[in-house]
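Working notes, beginning with the structure itself.
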Amino acid sequence: MEITEQKKGSVVLLVLTGRLDAGTAGRLEERLVSLIDAGSRSFVLDFMHLDYISSAGLRVLLMAAKKLKGLNGRIVLSSLKAHIREVFDIAGFSAIFPTYDQQDAAVGSFQ
Amino acid sequence: MSQTIEVRLRNRLSELERVGEAVESFGEAHRLPGKVVQALALCVDEVVTNVISYAYDDQADHQITLRLSLGTGELAAEVEDDGKPFNPLDAPPPDLTQSLEDRPIGGLGVHFLRTLMDGVEYRREQGKNLLVMKKKLPV
């Protein structure tokens, strides 16, 4: 999995490419924790190039969302492929994470 | 074209990519529906992740064997490991209605197995764990 990072004003945009499984989730966890520790509070995770997610990936998202909730921050997601959306639905995560079809709308939701 | 394939995996999380590739290429070779292949890839990943993460108390290399087979109207996946006895089906189901703050982290892998597979069986045989997952193919 690759993670590319951009700043959009106060929003941190992370574009994930490849597979978010138990072998790669630790890298996302480290990145999110270090950004949160450095003061970032608004996150967009773009899943347009994400091909796969398992419960290990969901666990990292939940951990970060919990951490941010206590700090008045949040994570929103964009551009989920249909089969990834299905994993979110089965896990009950669709009710937890706001999702947008387009990255721009996800970033704009923080304005 | 073989109706069964066997993939030998090491107990390293980096092997999960090979798990995904094996299920996908098996699905392509047999022209299986994408939804079935994706569901099986996820469930096999969750089982293998559990084995690699929790089945071994030592740091040694262990072999985990994945078998995929196509039967009449049904796809089966078997995961065999020589770790300590562990039946993932014993885990309690997660409460999906809980709010974000109350929700425990984890427990979702088994939930995926119960939701996405048509049958899951655990057996302990000759010092090995054997987990068999079955998925019916759409008619």
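The values are calculated or read from the model by the stated rules, or taken from the named source; none is laboratory data. Remember, predicted model here, so these are calculated numbers, not experimental data. Glycine also receives a Cβ, built like all others from the backbone with ideal geometry; neighbour counts cover every protein chain displayed. The protein model used for the area step is the full one, side chains on, heavy atoms only, and it has no ligands, DNA or RNA in it. Shrake-Rupley method; radii C 1.70, N 1.55, O 1.52, S 1.80 Å.
Where the centre of each part is set by its Cα atoms, how far does the stretch A:1-70 sit from the stretch B:8-32, in angstrom? Centre-to-centre (Cα) distance: 25 Å. Mean separation of Cα pairs under 8 Å and 6 or more residues apart, divided by the residue count, gives the stretch B:4-136 a relative contact order of 26 percent. Protection proxy ranking of A:13-23, B:21-31, A:72-82, B:39-49, by the mean of other Cβ atoms within 10 Å over each peptide's residues and highest first, is B:39-49, A:13-23, A:72-82, B:21-31. Using the Cβ-Cβ distance between B:R123 and B:T72 with R0 = 22 Å, the FRET efficiency computed as 1/(1 + (r/R0)^6) comes to roughly 0.50.
Remark on the stretch B:4-136: Rg and Dmax equal 14.9, 45 Å (Cα only).
Here the accessible area is traced with a 1.4 Å probe on the protein chains. For chain B, carbon and sulfur cover 48 percent of it.
For chain A, the 222 nm mean residue ellipticity estimated from helices alone, with every DSSP H stretch of n ≥ 4 adding -39500 (n - 2.57) and the total spread over all residues, rounds to -12000 deg cm²/dmol. State the antiparallel share, in %, of DSSP beta bridges confined to the protein assembly as shown, rounding to the nearest 5. Within the protein assembly as shown, antiparallel bridges account for around 70 percent of the total.
Using a cut-off of 25 Å between Cα atoms, the listed pairs A:K7/B:K35; A:K8/A:K69; A:K69/B:K35; A:K7/A:K67; A:K66/B:K84; A:K67/B:K84 include A:K7/B:K35; A:K69/B:K35; A:K66/B:K84; A:K67/B:K84 as exceeding that distance. Taking B:D81, B:D58, B:D118 in turn, the Gaussian network model of chain B (Cα-Cα springs below 10 Å) assigns the largest fluctuation to B:D58. Assuming R0 = 22 Å, can you tell me the calculated FRET efficiency for the pair A:K67 and B:T115, based on Cβ-Cβ distance, to the nearest 0.05? Result of the calculation: an efficiency of 0.20.
The mean number of partner chain beta-carbon atoms within 10 angstrom of a residue's beta-carbon across peptide A:84-91 is 3.
Share of pairwise Cα-Cα distances greater than 20 Å in the stretch A:2-104 is 29 percent (whole percent). Mean per-residue shielding of peptide B:34-47 is 3, counting Cβ atoms of other chains within 10 Å of each Cβ. Solvent exposure of A:M48, expressed as accessible area, is near 100 Å², computed with a probe of 1.4 Å over the protein chains only. Per-peptide packing, taken as the mean over residues of other Cβ atoms within 10 Å, places B:122-132, A:52-62 in the sequence A:52-62, B:122-132 from highest down. Charge dipole (Cα centre; +1 on Lys/Arg Cβ, -1 on Asp/Glu Cβ; no other charges) of the stretch A:1-94 amounts to roughly 360 debye.
Association of chains B and A removes close to 1900 square angstrom of accessible area from solvent, both sides included, for a probe radius of 1.4 Å.
Per residue of peptide B:10-19, the mean number of Cβ atoms on other chains within 10 Å of the residue Cβ is 3. In this Cβ point-charge picture (+1 for Lys and Arg, -1 for Asp and Glu), the protein assembly as shown has a dipole of about 500 debye about its Cα centre.
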